[in-house]
Each structure stands twice: as structure tokens, then as C-alpha cells.
Amino acid sequence: MKTKTKQLLIGILIIIVGIVEIYFNLKSNKAEFNKLWPSILLLIGLFFYIFYFSTKRKKEKTFFLFISSFLAISAIPLFVLTFTSFDNINIVWPGFLLSFGFALLAVYFFGKKKKITLIISSIAISASLLVWIFYMANSPFGVVVAVGLLVIGAAFLTRGLLHDISEVSTAPTGQVVDSTKESGEKNNSADNKDN
């Protein structure tokens, strides 16, 4: 069996297990259509994924990739709304913007790598996350969000500091040389030669 076929089968199996899990975690053991209808969108998205990844000339069919990604990811906030209440749309709506951003990101990674697609997807994802952060800041979980942001910020700072340390290399004579300064000097000398 090809690796691609194995991955498709594993993906389908995981989605089926997820749908069965949702079915059995309902408060009553009987499935109600008014709770499970987003799974239809999820299955349609899965069908379009299989269609997109099983055809040739994928770059010409990025519309199917966009639709499949958007439907599959949009099913998540729709499940949240059906299991809670549609009154929560004022909190959950950024999930649809997030779905749009991730669908564009999928088009960028698997389809045509146009820079504008990446920019629009980054804006949509960032905007939806910022809206959720502001919603969460005013909720009882505001302290948790604040601490989470501090931890994420510290992780990025640490990574940046570790990256700077890794750029410092040891020269063959044993003297420590900052590789960023060397590259800057090389660029300056190249600029001076051009003048």
C-alpha cells in the first residue's frame, strides 16, 4: 500500500472515530440531527480533500482545497455552537475568520505559493486570535490568558536569545567571532566595491 493511501485511510479513520466519539458523548445516547449536522460539512470537506489530493495538476484545483479546508475547519465552531447555544455566536464568530485564514494557508502551502495569499491568511488568523484574546481577557479566564501570553512571549524571547548565541561561532584560532558582525562587514565591503 502506498504511503499516500495509508495517510488518507488513517485520516479517514481518525475522523470517523471523532464523529463516533461525538455521537457517544451526547447527553443522551441517541444522536440528534440538530446536534450533529456540522458533521455533514466535515464529511463534505473530507470528500473535497480526498478529491484534491488524489488528482493530478493540483495547482489548477486549489479552489477545492480552499473549500475543503474551510468546511472542515468551520465545522469546529459550528459544533461548539450546536452543543452550547447559538447565543454564543458573539464569542465564536472569530472561529470562522480563523477557518478562512487556515484555508488560505492550506492553499499557500499545497497550491500556488503566492505571497498575497500568505499575507491575507496571516492577517485573518492574527485578527481572529487577537479578537479571542480580547474576549478572553474580559472573561473569568482572563488571568489564565495573561499568564499564557507571558509564557509564550518568554518562549519566543528565549528562542531568540538562544538563536543569537548559536550565531556566535568559534574561529579556528580559538578566538570568538560574532558571525552576524562578519556578515555585516562583508555586506558593507560589497556595497563599497559597487560604489
request  = Sort out which residues of the range 36-67 are in contact (Cβ under 8 Å) with a residue 40 or more places away in the chain, over 20 Å from PHE100 (Cβ atoms) and aromatic (Phe, Trp, Tyr), and write them in order of number.
outcome  = TRP37, PHE53
request  = Considering only the range 1-72, give the helices (runs of 4 or more DSSP H) lying wholly within it that have at least 2 residues that are in the same structural domain as TRP93 (by TED's automatic domain parsing) and at pLDDT below 70.
outcome  = 3-24
inquiry  = For the list (1) among the hydrophobic types (A, V, I, L, M, F, W, C); (2) within 25 Å of GLY11 (Cβ to Cβ); (3) surrounded by fewer than 16 Cβ atoms within 10 Å (Cβ to Cβ), I need the number of the one condition that PHE86 fails.
reply    = (2)
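Can you give me the ranges of the helices (runs of 4 or more DSSP H) entirely in the range 79-147 with at least 1 residues that are farther than 25 Å from SER39 by Cα and modelled with pLDDT under 80?
On the way: elements: 89-92, 94-110, 115-137.
Counting at least 1 such residues, we get 115-137.
Among ILE67, ILE50, ILE125, which is of a type in the set (Val, Ile, Thr), over 19 Å from the mean Cα position of the chain (by Cα) and closer than 26 Å to GLY18 by Cβ?
Numbers: ILE67 fails: over 19 Å from the mean Cα position of the chain (by Cα); ILE125 fails: over 19 Å from the mean Cα position of the chain (by Cα).
Every option except ILE50 fails the conditions.
The values are calculated or read from the model by the stated rules, or taken from the named source; none is laboratory data. If you're wondering where the values come from, they're calculated on a predicted model, not measured in any experiment. Cβ: placed from backbone, ideal geometry, glycine included. Neighbour counts: every protein chain shown.
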